[in-house]
Structures are given as C-alpha cells and as structure tokens.
Amino acid sequence: MPVSAVPDTLTLTRPDDWHLHVRDGAALASVLPYTARQFGRAIVMPNLRPPVKTTGQALAYRERILAARPEAGQPGADFEPLMTLYLTDLTPPEEIRRAKEAGIVALKLYPAGATTNSDAGVTDIRKTYTTLEAMQREGLLLLVHGEVTDPAIDVFDREAVFIDQVMQPLRRDFPELKVVFEHITTRDAAQYVASAGAHTAATVTAHHLLYNRNAIFQGGLRPHYYCLPVLKREVHRQALLEAIASGSDRFFLGTDSAPHAAVMKEASVCGAGCFTAPSALELYAEAFESIGALDKLDAFAGHHGPAFYGLPRNTGTVTLKREPWTLPESMPFADEASIKPLRGGETLAWRQCNVV
Ligand code: DOR
Ligand code: ZN
C-alpha cells in the first residue's frame, strides 16, 4: 500500500464491545469508565461471584452498572450495558420468557470449571436442552465459552475438541438458535465459524490478534498475558487475522477485557484475564493496521455485531489519531489495589481523541 494511503485519522461508527467483564462494587466503578468512553454498548458477562443467574439479579446488576457510568455531560454517560444470564444445568425454561421481557439479550454457557467463576456452569449441555429450546423460540442468543474441561485434553487443544464434541451437535439440534463462539483462538474455530451458516458468529479479542503463546514466556513468565482460552501458536493467530481481513460479518469485536487486581495476577496461582479496556480500540487498530486492513475495522467494531444481535447501529462516532502515547503501567483498582493493563508502560501508535 502506498504510504499516502495509510490514514492518520480514523473516524469509526461508535463501536460496541460484544464481550466484556466489568465485575461489581468498587472494581466496577474503577473499570467501567474506560469502556464507556470508547463503546456505545457492551455485552456484560455474568460470571460474578455468585453468578448472575436470574432476570432479577441481572436487572439489579444493570442498575449498578448504570450508576458507575461517567456523569451526565461527560463522554460515555450514555453507555448502555446489554445484560446476560449465566446458564446452569438448572436454568428453568420459564426464566427465558422473563428474561426476554426484561430486555436481556443472551445466556452465557460456561462449561463447569472452564475458567474464572465457572464452577456453577454447565456439566452436560444436554441438561440445558429444554432451556435452549425456549431461547431458540424467544430469540435469545447463546454465548459460548468454547473449551472442553476434560483434564485429559491438552489445554491448547480444548477449543478444537469443543467444536467436535459440543458445537457440532448443538448446531444440529438447534439450527435456529443464534450462537456466538466467544473469543476464538484457533484456526479450527475460525474455519468452523466461517462455514457454520448465518446463525453462528464469533468474537475476536485484540490480544488474540496481537499475540501468540510466546508472549506468555517472553524473558520469564508473564502473567498479564495469561487468559482463557490461552494464547495459541502463530499459525492460529494468522488464521484469526485472515478471518478479520476477510471482512466477513460473522466476526466482530469482543475484548474479553477481564480485570484482576495486580496482586491476583502476580501470584503463585494467577487468575486468567487480560485487562485491555483502557486502550481497546487502539489495540484493535494496531492489529488491523499490521495486516493492511484498517478499512475493515469500522464494520468489525461497529456494524457486524449489531446486525447479528438484531440491534440498530450506534449513531455517533469515535476518532482515533496516529499519535504515540504511553499507556500507564498501573492504574487504581477497587479499594486501594492497583491493576496493570495489557501493554501498560509501553507506547501505543493510535490514540482515541473524541466521541461525538
Ligand atoms: O481470561 C479470561 N478471564 N477468560 C475467561 O473466560 C474469564 C475471564 C475472567 O472472568 O476473568
Ligand atoms: Zn470472558
């Protein structure tokens, strides 16, 4: 591409984050403003402790999120959380009608034990079939953490095995259910989603686009690069880049920004999650630019997600400028703790300058 064709300013449809963890309480107040200043809406994950299992709990959580938004008149004051429920073996089918009427858009399937706060998750997907039927009927989406939990399966293979063992039977049995394969990390998942038909889509994180598994071991063990599904080999990262470069509307933005206090990450047992909210769009811009696909970023971030969820696009815009800046290494988090964002202390090439 000639140098003159590379833009220094990117004005994007105000995007949405289709996969986000904002926690609760003081942690929620610390992290929500980072997302609200970039994104119009976000799909909020329900893996609190205890999990958000009922419509009533989701509506109460929504109020706490609204209360944590920037003040009226400030950028992000109009941010809208899109609520989800945590699917369990025992979620009653009747809950789905209540959820639909309350504006809840999706349920999240965590295979029990797959990741942070997933102990109450699904032990066997067949136990949820009557609830999935109700979701298919009511038009609620199923959001999937796509990893098997069998300890005999290598951690790096768990997503690929999930496709064979769970996704394919699920698609066969519920062809009209809209399913989002969250935070895909492998060529297997990218190819599966591309070929699975119009009711299957995927979110892709910035960190899985920017890094392969070497990042976890660069000069020593790097806990801030540890997330689930774990970073994979370079061949898989390349497949994710190809998927977004294709411009297919079945792939869209979902940061999986997952805040954990620095003391929890830098510990003998490190929680899974990369905190990317403070520079989410900037990191995606870097990934798209690395493959000469900046022209595909707007649709990936602001068009494909609403189309799949059946929601209108946001009306405003955000602007990114090519302007080097240093992301703080550490930020305040909850009660006197600190948090380290991914790439903290490093220089980023793009910087958000305004929201209109
Ligand atoms: O890295 C992750 N962190 N993956 C998940 O699935 C959960 C998340 C969290 O809640 O911290
Ligand atoms: Zn997540």
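Structure summary
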| quantity | calculated |
| --- | --- |
| Per-residue Cβ neighbour rank within 10 angstrom, fewest leading, Cys270, Cys353, Cys227 | Cys353, Cys270, Cys227 |
| Under 18 Å from the Asp119 label point (7 Å along Cα→beta-carbon), backbone N, segment 263-293 | 269-272 |
| Dimensions in Å of segment 148-273 - Rg and Dmax from alpha carbons | 15.2, 47 |
| Highest average packing first - 276-282, 254-260, Cβ atoms within 10 Å | 254-260, 276-282 |
| Length gained when the stretch Val6-Thr130 is fully extended (0.36 nm per residue, less Cα-Cα span) | 39.5 nm |
| Net charge, Ile163 excluded, C-beta distance under 13 Å - Lys, Arg +1, Asp, Glu -1 | -1 |
| Long-range amide H partners of Ile43 with built H, under 5 Å | Asp17, Trp18, His19, Leu20, Leu82 |
| Counted charge near Arg233, where neighbours are those whose Cβ lies closer than 13 Å (Asp, Glu -1; Lys, Arg +1) | -1 |
| Cα centroid separation - segment 307-356 against segment 119-184, whole Å | 31 Å |
| The chain: calculated mean residue ellipticity at 222 nm from DSSP helix runs of at least 4, using -39500 (n - 2.57) | -8000 deg cm²/dmol |
| Within straight-line cross-link reach of Lys108, lysines at Cα separation under 30 Å, skipping those fewer than 8 residues along the same chain | Lys53, Lys100, Lys127, Lys178, Lys232, Lys265, Lys296, Lys340 |
| Amide H contacts under 5 Å for Ile339, placed H, 5+ residues apart | Ala262, Met331, Phe333 |
| Percent of beta bridges antiparallel (DSSP, segment 9-355, rounded to nearest 5) | 35 percent |
| Where only alpha carbons of segment 9-355 are counted, the Rg and the Dmax (Å) | 18.6, 53 |
| Modelled FRET efficiency - R0 22 Å, Asp335 with Met264, Cβ distances, 0.05 increments | 0.95 |
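Rule-based calculations on the coordinates, nothing more; no lab input. The model shown is predicted, which means the values in this text are computed figures rather than measured ones. For neighbour counting, all protein chains shown are included, and Cβ atoms are generated from backbone atoms with ideal geometry for every residue, glycine included.
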